[in-house]
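The values are calculated or read from the model by the stated rules, or taken from the named source; none is laboratory data. Computed from a predicted model, the values in this text were never measured in an experiment. Quick reminder, even Gly has a Cβ in these numbers, built from the backbone with ideal geometry, and neighbours come from all protein chains shown.
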Amino acid sequence: MIQILIDADACPVKDETYKVAARYKVPVVVVSNSPIRVPRDPLVSRKLVSAAFDAADDWIVEQAGQGTVVITADILLADRCLKLGAAVIAPTGKPFTSASIGNAIATRAIMVDLRAGTDTFGGPPPFTNTDRSRFLSNLDETLVKLKRQIAIDASREHRP
């Protein structure tokens with residue numbers, strides 16, 4: 001079964017995720033440390049976790065695996081989910097892959113070190129319409145691939 005898990009506390013593409021998920025009839029779980037409104041839709045549910053450090057990440061990792069799409073900007077969470085076979089997409093539409101995650105982790109570590117030494121570095125660039133469009137395209141493409149793979153796997157299981 002395909003499902004989408006959203007690391008939701010600071011996710012700017014929740015509404016876009018709901019729309020794409022509805023098109024493909026894929027359930028969405030919105031995971032957060034604080035109450036977040038979700039649409040009244042049987043395919044959309046909310047999981048409120050404790051305020052403990054990494055509680056949302058840990059819950060997402062427990063649910064992630066083959067057939068799961070995780071929406072997160074958290075590089076370390078993306079790495080954990082990829083290792084479990086999940087597809088991971090950043091809100092900017094950038095897919096995290098096993099080939100790209102190492103560089104993303106290294107860049108993150110460098111930026112943490114640079115920020116610790118000076119006040120001149122800001123946060124991530126502003127979220128743009130191009131990011132939103134790229135996200136929609138990549139989420140759609142990822143769901144199509146997963147549905148196709150599930151259909152292929154199912155046909156293999158039914159062969160004599």
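Which residues, taken from region 19-53, are among the hydroxyl-bearing types (S, T, Y) and more than 20 Å from G65 (Cα to Cα)? Of everything in region 19-53, those that are among the hydroxyl-bearing types (S, T, Y) and more than 20 Å from G65 (Cα to Cα) turn out to be S34, S50.
Could you say whether any residue in region 37-46 is within 21 Å of L146 (Cβ to Cβ), modelled with pLDDT of 95 or more and surrounded by 15 or more Cβ atoms within 10 Å (Cβ to Cβ)? Outline the logic, then answer.
Taking region 37-46 and keeping what is within 21 Å of L146 (Cβ to Cβ), we get 41-45.
Checking the rest, the ones that are also modelled with pLDDT of 95 or more come to 41-45.
Checking the rest, the ones that are also surrounded by 15 or more Cβ atoms within 10 Å (Cβ to Cβ) come to 43-44.
Checked region 37-46: at least one residue is within 21 Å of L146 (Cβ to Cβ), modelled with pLDDT of 95 or more and surrounded by 15 or more Cβ atoms within 10 Å (Cβ to Cβ).
Of the strands (runs of 3 or more DSSP E) lying entirely inside region 15-97, those containing at least 2 residues that are of a type in the set (V, I, T) and either out of contact with any Asp or Glu (no Cβ under 8 Å at 6 or more places or on another chain) or under 19 Å from L139 (Cα atoms) (or both) span 28-32, 68-71, 87-89. Give the residue that is farthest from the chain's Cα centre (by Cα), with candidates limited to residues of region 38-70 that are under 18 Å from P91 (Cα atoms) and of a type outside the set (A, V, I, L, M). This residue is D57. Filtered by the rule that a residue be modelled with pLDDT of 95 or more and either in contact with a helix residue (DSSP H, G or I) (Cβ under 7 Å, 6 or more places away or on another chain) or among the small types (G, A, S) (or both), region 8-26 gives V13, E16, T17, V20, A21, A22, Y24, V26.
Residue-wise test of (1) under 24 Å from A21 (Cβ atoms); (2) among the β-branched types (V, I, T); (3) in contact with a His (Cβ under 6 Å, 6 or more places away or on another chain); (4) at pLDDT 95 or above.
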residue	(1), (2), (3), (4)
Q63	yes, no, no, yes
D74	yes, no, no, no
A78	yes, no, no, no
A86	yes, no, no, yes
G93	yes, no, no, no
A109	no, no, no, no
